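Some notes on the structure that comes next.
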Amino acid sequence: MRVNCLHVAIALIALLVRRSVGFSSTTGGDTFRSSYIEISATAANDDRASYIDNDATISEDNPLRVIIAGGGIGSLVVANSLCINPKMSIQVLEKTDQSKRLAGPIQLGSNALAVIQEMDSSIFKNITSSITSIGDKVNGIKSGITDDWYSQFDLASPCGDIPYSGVMERQTLQQIYFDALPRGVVEYGDAVVSYEINSDGYGVRAITESGRIVHGDCLIGADGIWSSIRSTMRDEPVRGEGSGCTYSGYTVFDGELAYDSIDNGEVGYKVYIGPKQYFVACDIGNGKYHWYAFMAKPEGSSIEEDKPNGTSVYLQNIFDGWAHDIKDIIQSTVEKDIGQRDLYDQAPSKKWTDGNVALLGDSVHTMMPSLCQGGCQAIEDAYVLVEELNSVSSRDEIEIKLRTYARRRVVRSAVVQGLSRFASDIIIRGFDTPAKIRKIEDGTIKFENCNYAGVVTKLLQPILPLFFGIQFTFLFSGWRNNSALDLNSALRLLLVGGAILLICSGIVVEESALFAGLGFEGLLGLDLDINIGSVFKTSNDVFDISDIVDAFVHKLVPNES
């Protein structure tokens with residue numbers, strides 16, 4: 001029995017996911033910014049009455065106290081918007097020292113920039129003065145060996161009337177948000193390591209590394225991939241086996257340099273594909289480029305793999321025979337400016353909240369960097385979370401509003417996780433130098449790279465522009481998160497993605513084998529009791545995919561009131 005299109009679509013969404021209010025603009029000094037939360041010095045002088053006996057009604061005299069663990073982009077977006085509300089009191093607790101914030105560029109997709117523009121026009125203006133636009137430039141995939149364009153991305157058409165994607169320094173972005181916050185809202189150098197929910201009244205107690213206790217009405221865990229808040233919420237290790245975050249099988253090298261490329265100012269980013277690895281070069285403005293080299297390596301290779309002549313020479317040897325630009329870029333990068341890190345991601349989970357505690361960003365949906373959506377999805381989280389919290393009028397509503405936030409975000413973020421993983425797997429494990437047949441000067445026919453992977457890569461060439469168009473439309477159009485999933489874009493995305501998977505697999509599978517291989521009954525790793533696999537194996541009925549998605553969302557985050 002051959003697999004029909006709908007079955008491929010449903011199977012692909014399983015694979016993708018499994019693998020893997022009103023806002024006010026700041027206007028300067030006249031805008032109200034709330035004060036921060038009082039902190040107990042030690043557990044010994046913890047004043048439980050300060051939160052047990054608090055009145056349910058939220059007002060300027062009795063503001064909603066929001067603690068945010070982590071000082072990354074997502075948490076700063078939340079803090080900036082909530083501080084405008086006079087009925088909010090915000091405290092951000094970040095582990096690292098302010099001078100040690102993450103360096104390097106961040107790509108802000110059109111979806112993230114649309115969120116920022118709507119949330120705060122002043123912040124958006126400051127960002128646009130520092131960002132290098134790439135959405136209006138040529139972007140795409142090139143053959144790493146021949147240096148020919150293989151497929152180009154159209155990042156402009158899917159935007160509609162929202163801003164083009166761009167790249168800027170991460171520290172600059174953080175500083176823009178930090179400068180907009182009142183003094184004292186962000187505290188550096190003391191991370192939240194656990195929390196306790198008060199079962200006798202309103203409130204959450206956040207416990208820091210130094211032993212202090214911070215009292216609040218709700219706690220937002222935006223503390224990154226190795227999240228202490230997630231660890232406490234799910235009763236699992238912060239990192240390592242059982243933490244929910246696993247090694248992806250890939251490592252990435254990266255570097256930054258001043259580089260006078262021949263296409264400087266015309267091309268945003270180039271992805272060079274080849275056997276078992278790929279290389280990305282991105283114009284980050286002011287004559288600078290940032291590059292990444294992705295490859296499949298065992299976990300810990302940055303420490304265990306010997307590089308006697310340095311990382312630069314090591315990479316030059318790995319990319320020997322590839323396009324001249326790649327070797328030139330690596331050679332021109334100062335050795336100390338080349339980094340390496342292993343890449344981790346996590347399977348989507350329904351556990352986003354615990355009472356008045358919620359997760360945000362990498363703490364709940366760590367993803368591969370292939371689509372540059374990690375920070376963008378954290379910003380979307382912030383948009384939805386702020387919208388829900390700004391609508392709270394009583395402390396009795398907090399838990400329900402946090403569940404609503406999770407319900408609005410869980411499916412879309414999971415699909416982006418899956419797409420990011422899908423992109424990495426296909427590029428590294430599926431792509432090669434495209435097969436080519438050409439006639440040489442003596443009239444004979446020459447077959448180049450006509451192995452299986454090369455032929456598959458060539459077959460995918462006319463399909464990819466369609467896939468990219470659907471993919472970026474999906475990413476850029478759903479940023480308001482008003483529905484669990486844009487079914488029109490998602491279904492088209494899954495159908496074309498299913499064709500790509502079938503071409504790459506090179507086999508025709510039966511439904512039973514397909515669903516067994518995907519472990520459909522364990523879809524999303526969430527122990528759902530929606531036994532769709534057995535339904536397809538015993539019935540020829542046609543199902544409405546919207547009903548299936550609705551069932552997923554209901555199981556992910558039950559609608560409790």
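The values are calculated or read from the model by the stated rules, or taken from the named source; none is laboratory data. Keep in mind the model is a prediction, meaning the values are calculated, not measured. Every residue, glycine among them, receives a Cβ derived from its backbone with ideal geometry; neighbour counts consider all protein chains shown. Ligands, DNA and RNA are stripped out before the accessible areas are found, and what is left, the full protein with its side chains, is counted by its heavy atoms. Shrake-Rupley method; radii C 1.70, N 1.55, O 1.52, S 1.80 Å.
Overview of values
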| read-out | value |
| --- | --- |
| Members of region 486-502 found to be open to solvent by 20 Å² or more (accessible area, probe 1.4 Å) and at pLDDT below 70, listed by number | Asp486, Leu487, Asn488, Leu491, Leu501, Leu502 |
| Members of region 144-173 that are of a type in the set (A, V, I, L, M) and within 21 Å of Val271 (Cα to Cα) | Ile145, Leu155, Ala156, Val167, Met168 |
| Evaluation of Ile229 against (1) aliphatic (A, V, I, L, M); (2) open to solvent by 10 Å² or more (accessible area, probe 1.4 Å); (3) under 25 Å from the mean Cα position of the chain (by Cα) (one fails), failing number | (2) |
| Checklist (1) open to solvent by 30 Å² or more (accessible area, probe 1.4 Å); (2) among the hydrophobic types (A, V, I, L, M, F, W, C); (3) more than 19 Å from Gly72 (Cβ to Cβ) applied to Ile131, failing item | (3) |
| Any hit, region 432-447, residues being within 30 Å of Cys245 (Cα to Cα) and under 29 Å from the mean Cα position of the chain (by Cα) | yes |
| Meets criteria (open to solvent by 20 Å² or more (accessible area, probe 1.4 Å), of a type in the set (Lys, Arg), touching a Pro at 6+ places or on another chain (Cβ under 6 Å) and at pLDDT 95 or above) for Lys125 | no |
| Flag for Cys372 being under 10 Å from the mean Cα position of the chain (by Cα) and more than 21 Å from Tyr247 (Cβ to Cβ) | no |
| Flag if Gly224 is assigned to a loop (DSSP other than H, G, I, E, B), under 24 Å from Lys401 (Cβ atoms), touching a helix residue (DSSP H, G or I) at 6+ places or on another chain (Cβ under 8 Å) and open to solvent by 10 Å² or more (accessible area, probe 1.4 Å) | yes |
| Per-region count, region 119-135, residues out of contact with any strand residue (DSSP E or B) (no Cβ under 8 Å at 6 or more places or on another chain) and in a loop (DSSP other than H, G, I, E, B) | 2 |
| Boolean, Ser210 is surrounded by fewer than 16 Cβ atoms within 10 Å (Cβ to Cβ), modelled with pLDDT of 95 or more and over 30 Å from Ile284 (Cα atoms) | yes |
| Lone unmet requirement of (1) farther than 23 Å from Asp235 by Cβ; (2) part of a strand (DSSP E or B) for Arg183 | (2) |
| Qualifying residue in region 68-89 (condition: open to solvent by less than 30 Å² (accessible area, probe 1.4 Å), touching a Phe, Trp or Tyr at 6+ places or on another chain (Cβ under 7 Å) and in a strand (DSSP E or B)) | yes |
| Qualifying positions in region 405-436 - surrounded by fewer than 19 Cβ atoms within 10 Å (Cβ to Cβ) and either under 15 Å from Asn481 (Cα atoms) or touching an Asp or Glu at 6+ places or on another chain (Cβ under 6 Å) (or both) | Lys436 |
| Whichever residue in region 134-153 is polar (S, T, N, Q) and open to solvent by 30 Å² or more (accessible area, probe 1.4 Å) and, among such residues, is farthest from Tyr177 (Cα to Cα) | Thr146 |
| Strands (runs of 3 or more DSSP E) wholly inside region 277-349 containing at least 3 residues that are open to solvent by 30 Å² or more (accessible area, probe 1.4 Å) | 288-296, 339-346 |
| Residues that are outside any strand (DSSP E or B) and either under 19 Å from the mean Cα position of the chain (by Cα) or within 16 Å of Leu343 (Cα to Cα) (or both), drawn from region 239-275 | Arg239, Gly240, Glu241, Ser243, Gly244 |
| Verdict on Gly274 being of a type in the set (Gly, Ala, Ser) and at pLDDT 95 or above | no |
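Results for (1) assigned to a strand (DSSP E or B); (2) surrounded by 20 or more Cβ atoms within 10 Å (Cβ to Cβ); (3) modelled with pLDDT under 95, shown as yes or no for each residue.
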residue: Gln107; (1), (2), (3): yes, yes, no
residue: Gln117; (1), (2), (3): no, no, no
residue: Met168; (1), (2), (3): yes, yes, no
residue: Asp179; (1), (2), (3): no, no, no
residue: Ser194; (1), (2), (3): yes, no, no
